[in-house]
Amino acid sequence: MASAVTEKKKKRMRGKKPWQKRNILQSEVKDGVRITEYNSISLREIKKPSTHIYPGRKVIDPKLLQKYSKGEGVEVKSIGYKNKYLAHKLKEKEKAFQEAEAAAARAEILLTETSGQLLAEDDSYTSHITQRDIRDAVDITSAAKSFDLNLNQFGPYKMKLDI
C-alpha cells in the first residue's frame with residue numbers, strides 16, 4: 001500500500017522540483033478531500049520589467065560612425081541572388097561590418113591620448129616657453145611624462161627643433 005502512495009506522489013511531482021514554489025492561491029480540506037486553488041497567471045507574467053540605470057548601449061555620434069564607415073554596403077535585393085543561403089550570408093556580413101564600425105567608434109571615445117601642438121601668442125616665440133610652463137598647463141598624466149635633461153658635462157647646449 002505504501003508503494004502505491006509513493007507512486008502517485010511521484011506522478012504528481014513529475015517535472016516539478018519540491019523546492020520550487022507553485023502558484024497556489026489557497027488550499028483547504030472539505031469532507032476529507034483537499035481542494036487546492038491555483039493561480040492561473042504564470043510567474044513570467046508576474047515578473048517586473050528590469051529597471052536598469054543604463055538600459056542598452058550608449059548612442060554613438062553619427063559623425064564618428066561616418067568617420068569609420070567603410071561605405072554604403074551591399075543591398076541583397078539589388079544583386080538579385082535567388083540563393084537564400086547566400087543572401088543570408090551577405091546580410092550577416094553586413095551586420096558584422098556595421099558592428100565593427102560601431103566598435104571602432106566606441107573605442108575612439110576611450111582613447112585619452114591625442115596629439116597636440118604648442119601654439120604661441122603673436123608676440124612670443126615657442127622657444128621661450130619652458131617645460132615648467134607646459135607642465136603647469138597640461139593635465140596630471142601628461143605632466144608626469146615630462147623629464148628633466150641635465151647635460152652640463154661638456155658645456156652649454158642649444159637645440160632647435162622643427163617638425
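Read-outs: derived from the displayed coordinates by stated rules, not from any lab. Only a predicted model underlies this, so the values are computations on that prediction, with no experimental measurement involved. Every residue, glycine as well, gets a Cβ built from its backbone with ideal geometry; the counts of neighbours run over all protein chains shown.
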Give the residue list of chymotrypsin sites (Phe, Trp or Tyr not before Pro) in the stretch 52-96 that are DSSP loop and have at most 14 other beta-carbon atoms within 10 angstrom.
Y81
Regarding the stretch 62-110, what are the three Cα extents along the principal axes, ordered largest first, in Å?
42, 16, 11
For the cross-link pairs K58/K84; K63/K95; K58/K95; K67/K160, which exceed 26 Å when the distance is taken from alpha carbon to alpha carbon?
K58/K84; K67/K160
Could you sort the peptides 115-122, 95-102 by per-residue average Cβ neighbour count (10 Å cutoff), highest mean leading?
95-102, 115-122
